[in-house]
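A short worksheet on the structure shown next.
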Amino acid sequence: MRPTVKEFEDFKFKLPCLVSTKQGIPLYIYESKGLNVCRVDIIFSAGTYQQSMPLETEAAAEVMTEASEKRSSATVSELFDFYGGFIQKGVSTHYTIFTLYAPNRTFPKLLPLFFELITSPRFSKRDLDRFKQRGSESLKVAQKKVENISYRIFKDRMFGSHPYGVTPCVEDYSKLNTNSIRSYAKEFFVAERCSVVMSGDVNDNIIELLSQNILRIPSGKVLNEHHQITTPQMKGVEVKEIANVMQSSVRIGAFTINRQDENYLNLYILNTALGGYFGSRFNKTIREEKGYTYGINSWLIGLPDAAYLSISTHTAVNFTKPLLLEVKNEIEKIKSSPISENELHQLRGYMLGDFARMFDTCFSLADNFIALLTNNIGFDYFDKRIEAIKSITPELLLTTAQNFLPCYDDMCIVVAGGMK
(Lines give C-alpha, C1' and ligand atoms only; values in the text may rest on other atoms or scores of the structure.)
Protein backbone atom coordinates (compact mmCIF):
# COMPACT_ATOMS: atom_id res chain seq x y z
CA MET A 1 0.00 0.00 0.00
CA ARG A 2 1.33 3.41 -0.98
CA PRO A 3 2.19 5.53 2.08
CA THR A 4 0.30 8.75 2.76
CA VAL A 5 2.12 11.91 1.71
CA LYS A 6 1.74 14.90 4.00
CA GLU A 7 2.67 18.50 3.43
CA PHE A 8 5.30 19.99 5.73
CA GLU A 9 3.48 21.64 8.62
CA ASP A 10 4.07 25.16 9.84
CA PHE A 11 7.32 25.25 11.76
CA LYS A 12 8.50 27.37 14.66
CA PHE A 13 11.91 26.62 16.15
CA LYS A 14 11.53 25.88 19.84
CA LEU A 15 13.76 28.16 21.88
CA PRO A 16 15.14 27.03 25.25
CA CYS A 17 14.21 28.46 28.62
CA LEU A 18 16.75 31.07 29.74
CA VAL A 19 17.79 30.95 33.40
CA SER A 20 19.67 33.81 35.04
CA THR A 21 22.83 32.95 36.97
CA LYS A 22 24.58 35.03 39.61
CA GLN A 23 27.73 35.31 37.51
CA GLY A 24 25.85 36.51 34.45
CA ILE A 25 26.62 33.40 32.38
CA PRO A 26 23.51 32.59 30.30
CA LEU A 27 22.03 29.15 31.04
CA TYR A 28 19.70 27.74 28.38
CA ILE A 29 17.54 24.68 29.11
CA TYR A 30 15.74 22.16 26.90
CA GLU A 31 13.61 19.84 29.02
CA SER A 32 12.37 16.39 27.99
CA LYS A 33 10.88 14.17 30.69
CA GLY A 34 11.38 10.42 30.73
CA LEU A 35 14.88 10.24 29.21
CA ASN A 36 16.65 9.67 32.54
CA VAL A 37 19.72 11.29 31.01
CA CYS A 38 21.02 14.85 31.16
CA ARG A 39 23.53 16.66 29.00
CA VAL A 40 25.45 19.85 29.78
CA ASP A 41 27.35 21.84 27.15
CA ILE A 42 29.82 24.47 28.37
CA ILE A 43 30.59 26.74 25.44
CA PHE A 44 33.54 29.13 25.36
CA SER A 45 33.95 31.67 22.57
CA ALA A 46 37.58 30.70 22.09
CA GLY A 47 39.01 28.37 19.48
CA THR A 48 41.91 28.02 17.09
CA TYR A 49 41.40 31.66 16.08
CA GLN A 50 42.78 32.77 19.47
CA GLN A 51 45.71 30.36 19.81
CA SER A 52 49.32 31.58 19.65
CA MET A 53 50.59 28.32 18.08
CA PRO A 54 48.97 25.48 16.14
CA LEU A 55 47.22 22.78 18.22
CA GLU A 56 47.25 24.87 21.40
CA THR A 57 43.45 24.94 21.78
CA GLU A 58 42.98 21.26 21.02
CA ALA A 59 45.74 20.31 23.46
CA ALA A 60 44.31 22.50 26.21
CA ALA A 61 40.81 21.05 25.78
CA GLU A 62 42.05 17.46 25.65
CA VAL A 63 44.53 17.55 28.52
CA MET A 64 42.47 19.64 30.94
CA THR A 65 39.68 17.05 30.99
CA GLU A 66 42.09 14.21 31.85
CA ALA A 67 42.96 15.14 35.43
CA SER A 68 42.27 17.83 38.03
CA GLU A 69 44.48 19.27 40.75
CA LYS A 70 42.76 16.88 43.18
CA ARG A 71 42.42 13.73 41.05
CA SER A 72 44.69 11.84 38.67
CA SER A 73 43.64 10.81 35.16
CA ALA A 74 43.25 7.19 36.35
CA THR A 75 40.93 8.23 39.18
CA VAL A 76 38.89 10.47 36.88
CA SER A 77 38.51 7.69 34.33
CA GLU A 78 37.42 5.20 37.02
CA LEU A 79 34.80 7.59 38.40
CA PHE A 80 33.26 8.25 35.01
CA ASP A 81 33.18 4.53 34.26
CA PHE A 82 31.64 3.73 37.65
CA TYR A 83 28.93 6.39 37.41
CA GLY A 84 28.16 5.76 33.73
CA GLY A 85 28.95 9.19 32.27
CA PHE A 86 31.36 10.55 29.71
CA ILE A 87 32.84 13.81 28.41
CA GLN A 88 33.14 15.00 24.82
CA LYS A 89 35.27 17.90 23.56
CA GLY A 90 34.76 19.93 20.44
CA VAL A 91 37.23 22.53 19.14
CA SER A 92 36.36 24.75 16.19
CA THR A 93 37.77 27.95 14.76
CA HIS A 94 35.98 30.28 17.15
CA TYR A 95 34.57 28.03 19.92
CA THR A 96 35.45 25.23 22.30
CA ILE A 97 32.67 23.09 23.76
CA PHE A 98 32.88 20.69 26.71
CA THR A 99 29.97 18.27 26.97
CA LEU A 100 28.93 15.99 29.83
CA TYR A 101 26.45 13.13 29.43
CA ALA A 102 25.28 11.41 32.61
CA PRO A 103 22.30 9.38 33.92
CA ASN A 104 20.00 11.33 36.21
CA ARG A 105 20.74 9.01 39.15
CA THR A 106 24.50 9.75 39.03
CA PHE A 107 24.37 13.26 37.61
CA PRO A 108 24.86 14.93 41.04
CA LYS A 109 28.10 12.95 41.40
CA LEU A 110 29.56 13.67 37.97
CA LEU A 111 28.59 17.31 37.46
CA PRO A 112 30.91 18.68 40.21
CA LEU A 113 33.72 16.49 38.85
CA PHE A 114 33.08 17.85 35.34
CA PHE A 115 33.42 21.44 36.58
CA GLU A 116 36.43 20.48 38.68
CA LEU A 117 38.26 19.39 35.53
CA ILE A 118 37.38 22.57 33.66
CA THR A 119 38.06 25.05 36.48
CA SER A 120 41.08 23.42 38.17
CA PRO A 121 42.81 21.18 35.61
CA ARG A 122 46.14 19.55 36.41
CA PHE A 123 47.73 19.89 32.94
CA SER A 124 50.19 17.12 33.71
CA LYS A 125 53.17 16.60 31.41
CA ARG A 126 52.34 12.89 31.22
CA ASP A 127 48.85 13.56 29.84
CA LEU A 128 50.22 16.13 27.38
CA ASP A 129 52.91 13.71 26.19
CA ARG A 130 50.26 11.07 25.51
CA PHE A 131 48.26 13.61 23.50
CA LYS A 132 51.35 14.60 21.51
CA GLN A 133 52.32 11.02 20.75
CA ARG A 134 48.83 9.95 19.64
CA GLY A 135 48.29 13.09 17.60
CA SER A 136 51.66 13.12 15.83
CA GLU A 137 51.41 9.44 14.87
CA SER A 138 47.91 9.94 13.51
CA LEU A 139 48.91 13.08 11.59
CA LYS A 140 51.91 11.32 10.00
CA VAL A 141 49.49 8.89 8.40
CA ALA A 142 46.85 11.51 7.54
CA GLN A 143 49.31 13.88 5.84
CA LYS A 144 50.06 11.29 3.15
CA LYS A 145 46.42 11.14 2.01
CA VAL A 146 45.57 13.13 -1.10
CA GLU A 147 42.44 14.65 0.48
CA ASN A 148 44.50 16.16 3.29
CA ILE A 149 47.16 17.43 0.91
CA SER A 150 44.56 19.18 -1.25
CA TYR A 151 42.83 20.60 1.83
CA ARG A 152 46.06 22.07 3.19
CA ILE A 153 46.92 23.72 -0.13
CA PHE A 154 43.35 24.96 -0.58
CA LYS A 155 43.26 26.61 2.86
CA ASP A 156 46.64 28.22 2.29
CA ARG A 157 45.56 29.57 -1.11
CA MET A 158 42.29 30.91 0.26
CA PHE A 159 43.43 32.35 3.59
CA GLY A 160 47.24 32.54 3.67
CA SER A 161 48.60 33.27 7.16
CA HIS A 162 45.16 34.07 8.55
CA PRO A 163 44.07 31.58 11.29
CA TYR A 164 41.57 30.07 8.84
CA GLY A 165 44.49 29.05 6.62
CA VAL A 166 46.70 27.44 9.26
CA THR A 167 46.81 23.65 9.36
CA PRO A 168 49.02 21.83 11.87
CA CYS A 169 52.04 19.74 10.90
CA VAL A 170 53.74 16.95 12.82
CA GLU A 171 56.49 19.27 14.10
CA ASP A 172 53.86 21.46 15.84
CA TYR A 173 53.20 18.71 18.39
CA SER A 174 56.77 18.91 19.70
CA LYS A 175 56.37 22.65 20.37
CA LEU A 176 53.48 22.18 22.80
CA ASN A 177 54.16 22.53 26.51
CA THR A 178 52.09 22.60 29.68
CA ASN A 179 52.83 26.28 30.38
CA SER A 180 51.38 27.44 27.03
CA ILE A 181 48.19 25.39 27.23
CA ARG A 182 47.67 26.36 30.88
CA SER A 183 48.02 30.03 29.92
CA TYR A 184 45.56 29.56 27.04
CA ALA A 185 42.94 28.00 29.32
CA LYS A 186 43.40 30.68 31.97
CA GLU A 187 43.03 33.49 29.45
CA PHE A 188 40.19 32.19 27.28
CA PHE A 189 38.09 29.68 29.24
CA VAL A 190 36.51 32.39 31.37
CA ALA A 191 33.02 33.46 32.41
CA GLU A 192 32.90 36.43 30.04
CA ARG A 193 33.27 34.04 27.09
CA CYS A 194 30.94 31.36 28.43
CA SER A 195 27.41 30.11 27.75
CA VAL A 196 25.84 26.91 29.12
CA VAL A 197 23.16 24.75 27.52
CA MET A 198 21.45 21.95 29.43
CA SER A 199 19.17 19.36 27.85
CA GLY A 200 17.47 16.15 28.86
CA ASP A 201 15.46 15.00 31.88
CA VAL A 202 15.92 18.23 33.80
CA ASN A 203 14.41 19.04 37.21
CA ASP A 204 14.71 21.90 39.72
CA ASN A 205 17.38 20.15 41.81
CA ILE A 206 19.59 19.58 38.77
CA ILE A 207 19.19 23.21 37.65
CA GLU A 208 20.15 24.43 41.12
CA LEU A 209 23.19 22.15 41.23
CA LEU A 210 24.27 23.36 37.80
CA SER A 211 23.78 27.01 38.78
CA GLN A 212 26.01 26.52 41.83
CA ASN A 213 28.76 24.90 39.79
CA ILE A 214 28.65 27.58 37.12
CA LEU A 215 29.90 30.00 39.79
CA ARG A 216 33.20 28.11 39.75
CA ILE A 217 34.07 29.37 36.26
CA PRO A 218 36.65 32.15 36.73
CA SER A 219 36.31 35.68 35.40
CA GLY A 220 38.77 37.23 32.99
CA LYS A 221 39.31 39.89 30.35
CA VAL A 222 37.99 39.75 26.80
CA LEU A 223 39.86 41.39 23.94
CA ASN A 224 38.43 41.89 20.45
CA GLU A 225 40.67 39.69 18.31
CA HIS A 226 40.62 40.27 14.56
CA HIS A 227 42.82 39.04 11.70
CA GLN A 228 42.78 40.43 8.19
CA ILE A 229 42.51 38.12 5.17
CA THR A 230 44.82 39.06 2.29
CA THR A 231 45.07 36.43 -0.47
CA PRO A 232 45.46 38.20 -3.84
CA GLN A 233 46.59 35.00 -5.64
CA MET A 234 43.58 32.90 -4.68
CA LYS A 235 42.26 32.32 -8.24
CA GLY A 236 43.49 29.65 -10.65
CA VAL A 237 44.43 25.98 -10.81
CA GLU A 238 47.22 24.38 -8.78
CA VAL A 239 48.16 20.75 -9.32
CA LYS A 240 50.22 18.91 -6.72
CA GLU A 241 51.62 15.88 -8.53
CA ILE A 242 51.90 12.81 -6.31
CA ALA A 243 53.56 9.71 -7.66
CA ASN A 244 51.95 6.27 -7.63
CA VAL A 245 48.41 7.34 -6.67
CA MET A 246 45.29 6.08 -8.40
CA GLN A 247 43.01 8.98 -7.42
CA SER A 248 43.16 12.74 -7.27
CA SER A 249 41.55 14.85 -4.57
CA VAL A 250 39.88 17.97 -5.98
CA ARG A 251 38.91 21.09 -4.02
CA ILE A 252 37.29 24.13 -5.57
CA GLY A 253 36.09 27.27 -3.83
CA ALA A 254 35.62 31.02 -3.73
CA PHE A 255 34.52 33.71 -1.33
CA THR A 256 30.84 34.65 -1.26
CA ILE A 257 28.19 36.39 0.89
CA ASN A 258 27.86 35.54 4.59
CA ARG A 259 24.87 34.50 6.71
CA GLN A 260 24.00 38.08 7.63
CA ASP A 261 23.28 38.95 3.99
CA GLU A 262 19.56 38.93 3.10
CA ASN A 263 20.34 36.82 0.01
CA TYR A 264 22.25 34.11 1.89
CA LEU A 265 19.31 31.69 2.33
CA ASN A 266 18.54 31.84 -1.38
CA LEU A 267 22.19 31.04 -2.12
CA TYR A 268 22.03 28.20 0.41
CA ILE A 269 19.08 26.68 -1.50
CA LEU A 270 20.85 27.21 -4.83
CA ASN A 271 23.98 25.48 -3.54
CA THR A 272 21.88 22.50 -2.41
CA ALA A 273 20.54 22.19 -5.95
CA LEU A 274 24.05 22.44 -7.38
CA GLY A 275 25.92 20.02 -5.10
CA GLY A 276 24.38 19.89 -1.64
CA TYR A 277 22.55 16.54 -1.73
CA PHE A 278 22.50 13.18 -3.49
CA GLY A 279 20.03 14.37 -6.14
CA SER A 280 22.02 17.50 -6.96
CA ARG A 281 23.21 18.48 -10.44
CA PHE A 282 26.82 17.61 -9.67
CA ASN A 283 25.87 14.12 -8.53
CA LYS A 284 23.47 13.46 -11.40
CA THR A 285 25.89 14.56 -14.10
CA ILE A 286 29.36 13.84 -12.72
CA ARG A 287 28.56 10.74 -10.69
CA GLU A 288 25.58 9.06 -12.38
CA GLU A 289 25.93 10.04 -16.04
CA LYS A 290 29.71 10.37 -16.45
CA GLY A 291 30.88 7.98 -13.74
CA TYR A 292 33.83 10.20 -12.81
CA THR A 293 33.37 9.90 -9.03
CA TYR A 294 31.53 8.08 -6.27
CA GLY A 295 30.34 11.38 -4.86
CA ILE A 296 30.81 15.14 -5.13
CA ASN A 297 29.62 17.71 -2.63
CA SER A 298 29.30 21.46 -2.35
CA TRP A 299 28.95 23.49 0.85
CA LEU A 300 28.48 27.08 1.92
CA ILE A 301 30.75 27.74 4.87
CA GLY A 302 30.09 30.85 6.92
CA LEU A 303 32.70 32.18 9.36
CA PRO A 304 32.91 35.59 11.08
CA ASP A 305 35.82 36.80 8.93
CA ALA A 306 34.77 35.16 5.65
CA ALA A 307 32.15 33.04 3.90
CA TYR A 308 33.00 30.78 1.01
CA LEU A 309 31.77 28.09 -1.34
CA SER A 310 33.63 24.77 -1.15
CA ILE A 311 33.36 21.87 -3.62
CA SER A 312 35.22 18.61 -3.01
CA THR A 313 35.48 15.19 -4.63
CA HIS A 314 37.80 12.31 -5.54
CA THR A 315 38.30 10.94 -9.02
CA ALA A 316 40.64 8.68 -10.96
CA VAL A 317 43.73 10.55 -12.16
CA ASN A 318 42.75 10.19 -15.82
CA PHE A 319 39.26 11.64 -15.10
CA THR A 320 40.51 14.75 -13.31
CA LYS A 321 40.50 17.09 -16.30
CA PRO A 322 37.05 16.07 -17.63
CA LEU A 323 35.62 16.26 -14.11
CA LEU A 324 36.78 19.87 -13.75
CA LEU A 325 35.20 20.64 -17.12
CA GLU A 326 31.86 19.22 -15.96
CA VAL A 327 31.99 21.25 -12.74
CA LYS A 328 32.49 24.36 -14.85
CA ASN A 329 29.63 23.37 -17.18
CA GLU A 330 27.17 22.83 -14.31
CA ILE A 331 28.05 26.16 -12.70
CA GLU A 332 27.54 27.95 -16.02
CA LYS A 333 24.23 26.13 -16.65
CA ILE A 334 22.73 27.05 -13.30
CA LYS A 335 23.80 30.67 -13.86
CA SER A 336 22.30 30.85 -17.37
CA SER A 337 18.81 29.28 -17.17
CA PRO A 338 16.18 28.69 -14.45
CA ILE A 339 15.73 25.24 -12.99
CA SER A 340 12.53 23.39 -13.87
CA GLU A 341 9.48 23.22 -11.62
CA ASN A 342 9.98 19.46 -11.34
CA GLU A 343 13.58 19.87 -10.13
CA LEU A 344 12.50 22.55 -7.68
CA HIS A 345 9.71 20.30 -6.35
CA GLN A 346 12.24 17.52 -5.71
CA LEU A 347 14.70 19.94 -4.12
CA ARG A 348 12.06 21.47 -1.85
CA GLY A 349 10.83 18.04 -0.76
CA TYR A 350 14.33 16.92 0.15
CA MET A 351 15.17 20.11 2.07
CA LEU A 352 11.94 20.15 4.06
CA GLY A 353 12.23 16.45 4.88
CA ASP A 354 15.83 16.82 5.94
CA PHE A 355 14.88 19.82 8.02
CA ALA A 356 12.16 17.87 9.87
CA ARG A 357 14.73 15.28 10.97
CA MET A 358 16.92 17.95 12.57
CA PHE A 359 14.69 18.48 15.62
CA ASP A 360 13.46 15.05 16.71
CA THR A 361 14.97 15.06 20.25
CA CYS A 362 15.83 17.62 22.90
CA PHE A 363 19.51 16.89 22.25
CA SER A 364 19.16 17.71 18.54
CA LEU A 365 17.28 20.89 19.50
CA ALA A 366 20.20 21.77 21.77
CA ASP A 367 22.71 21.00 18.98
CA ASN A 368 20.94 23.34 16.58
CA PHE A 369 20.56 26.06 19.20
CA ILE A 370 24.29 25.83 19.91
CA ALA A 371 24.88 26.22 16.16
CA LEU A 372 22.95 29.50 16.31
CA LEU A 373 24.97 30.67 19.31
CA THR A 374 28.36 29.77 17.89
CA ASN A 375 27.66 31.26 14.47
CA ASN A 376 26.19 34.52 15.82
CA ILE A 377 22.93 33.92 13.93
CA GLY A 378 19.57 35.29 15.05
CA PHE A 379 17.34 32.83 16.89
CA ASP A 380 14.75 33.15 14.10
CA TYR A 381 17.21 31.75 11.51
CA PHE A 382 15.54 28.34 11.16
CA ASP A 383 12.10 29.92 10.81
CA LYS A 384 13.44 32.13 8.03
CA ARG A 385 15.09 29.15 6.37
CA ILE A 386 11.81 27.23 6.19
CA GLU A 387 10.04 30.26 4.74
CA ALA A 388 12.78 30.70 2.14
CA ILE A 389 12.54 27.04 1.06
CA LYS A 390 8.77 27.24 0.74
CA SER A 391 8.73 30.51 -1.18
CA ILE A 392 11.73 30.09 -3.50
CA THR A 393 11.05 30.25 -7.26
CA PRO A 394 13.09 29.27 -10.34
CA GLU A 395 13.39 32.94 -11.26
CA LEU A 396 14.73 33.92 -7.83
CA LEU A 397 17.23 31.07 -7.92
CA LEU A 398 18.45 32.22 -11.33
CA THR A 399 18.89 35.80 -10.10
CA THR A 400 20.74 34.51 -7.04
CA ALA A 401 23.05 32.39 -9.21
CA GLN A 402 23.85 35.29 -11.52
CA ASN A 403 24.52 37.74 -8.70
CA PHE A 404 26.06 35.67 -5.89
CA LEU A 405 27.35 32.33 -7.20
CA PRO A 406 31.05 32.79 -8.07
CA CYS A 407 32.11 32.10 -11.65
CA TYR A 408 34.28 29.03 -12.16
CA ASP A 409 37.16 31.08 -13.59
CA ASP A 410 37.25 33.15 -10.38
CA MET A 411 37.62 30.11 -8.14
CA CYS A 412 40.54 28.56 -6.29
CA ILE A 413 41.08 25.07 -7.79
CA VAL A 414 43.43 22.55 -6.17
CA VAL A 415 44.24 19.04 -7.39
CA ALA A 416 46.34 16.65 -5.32
CA GLY A 417 47.32 13.50 -7.19
CA GLY A 418 47.56 14.14 -10.90
CA MET A 419 45.76 15.52 -13.93
CA LYS A 420 46.18 13.77 -17.30
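Taking θ as phi - 60°, what are the ³J(HN,Hα) couplings along region 11-20 by the Karplus curve (6.51, -1.76, 1.60), each to the nearest whole Hz, with x for Gly and Pro?
With coefficients 6.51, -1.76 and 1.60, one gets 10, 9, 4, 7, 8, x, 7, 9, 10, 7 Hz.
Output wanted: per-residue J couplings in Hz (rounded whole) for region 141-155, from phi through Karplus 6.51 cos²θ - 1.76 cosθ + 1.60, θ = phi - 60°, x for Gly and Pro.
Coupling constants for region 141-155: 6, 5, 5, 7, 7, 4, 5, 6, 5, 5, 5, 4, 5, 4, 5 Hz.
What distance in nm separates the two pseudo spin-label positions at F278 and Y381, each 7 Å out from Cα along the beta-carbon direction?
2.7 nm
Leaving out ligands, DNA and RNA, what percent of the accessible area of the chain is carbon and sulfur, probe 1.4 Å?
Carbon and sulfur together cover 50 percent of it.
Report, in listed order, any pair from K125/K175; K284/K328; K155/K420 with a Cα-Cα distance greater than 22 Å.
The pairs that break the limit, which is 22 Å between Cα atoms, are K155/K420.
Only Cα pairs under 8 Å and at least 6 apart count here; give the relative contact order of the chain as a rounded whole percent.
22 percent
With label points built 7 Å along Cα→Cβ from the Cα atoms of S219 and S92, find their separation and express it in nm.
2.9 nm
If one takes the longest principal axis of the Cα atoms in the chain, at what angle in degrees, from 0 to 90 and to the nearest 10, does the Cα axis of helix 73-83 lie?
Tilt of helix 73-83: around 90 degrees.
Show me the three semi-axes of the equivalent ellipsoid for the chain, from the C-alpha gyration tensor (sqrt of 5 times each eigenvalue), largest first, rounded to whole Å.
Semi-axes, largest first: 40, 29, 19 Å.
On a straight-distance basis, which lysines could pair with K22 in a cross-link, Cα separation under 28 angstrom, same-chain partners fewer than 8 positions away excluded?
Result set, ordered by chain and number: K14, K33, K70, K89, K109, K186, K221.
Between 0 and 90 degrees, rounded to the nearest ten: what's the tilt of helix 381-391 against the longest Cα principal axis of the chain?
20 degrees
Pull up all non-local amide H partners of A102: gap of 5 or more, or a different chain, and H-to-H distance under 5 Å with H placed in the peptide plane.
When sequence neighbours closer than 5 places are left aside, the close amide H contacts are C38.
How much accessible area per residue does region 287-420 have, in Å², with a 1.4 Å probe?
Accessible surface, normalised per residue, equals 45 Å².
Looking only at region 71-106, which residues have a backbone nitrogen under 13 Å from a spot 7 Å from the Cα of S124 in the C-beta direction?
71-78
Tell me, in nm to one decimal, what length is gained between N148 and D10 on full extension, where the rule is 0.36 nm per residue of separation less the Cα-Cα distance?
Fully extending the segment from N148 to D10 adds 45.5 nm.
Across bins of 10 angstrom width beginning at 0, how are the C-alpha pair distances of region 110-249 distributed, in whole percent?
9, 23, 27, 24, 13, 4, 0
Efficiency by 1/(1 + (r/R0)^6): what FRET value for S77 and S337, r their Cβ-Cβ distance, R0 = 56 Å, to the nearest 0.05?
0.40
So, with +1 on the Cβ of K and R and -1 on the Cβ of D and E, and no other charges, what is the size of the charge dipole of region 1-140 about its Cα centre, to the nearest 20 debye?
The dipole of region 1-140 has a size of about 220 debye.
If you place +1 on the Cβ of every Lys and Arg, -1 on the Cβ of every Asp and Glu, and leave all else neutral, what size is the dipole of region 129-177 about its Cα centre, to the nearest 20 Debye?
100 debye
Angle, helix 178-188 long axis vs. longest principal axis of the chain, Cα atoms, 0 to 90°, nearest 10?
80 degrees
To the nearest 20 Debye, how big is the dipole of the chain about its Cα centre, given +1 on the beta carbon of each Lys and Arg and -1 on that of each Asp and Glu?
About 860 debye.
Placing +1 on the Cβ of each Lys and Arg and -1 on the Cβ of each Asp and Glu in the chain, which of L344, Q260, A306 has its Cα farthest towards the positive end of the resulting dipole?
Checking the options against the dipole of the chain, the answer is A306.
Could you calculate the FRET efficiency of K33 with S391 from 1/(1 + (r/R0)^6), where r is the beta carbon distance between them and R0 is 45 Å, rounded to 0.05?
0.80
Which Cα, out of P26, G291, S211, lies furthest along the positive dipole direction of the chain (beta carbon charges, K/R +1, D/E -1)?
Of P26, G291, S211, it is G291.
The values are calculated or read from the model by the stated rules, or taken from the named source; none is laboratory data. On a predicted model such as this, the values are computed, not experimentally measured, just so you know. Methodologically, a virtual Cβ is constructed for each residue, glycine included, from the backbone with ideal geometry; neighbour enumeration extends over all protein chains shown. To get the accessible areas, we keep the full protein, side chains included, count just its heavy atoms, and leave off ligands, DNA and RNA. Shrake-Rupley method; radii C 1.70, N 1.55, O 1.52, S 1.80 Å.
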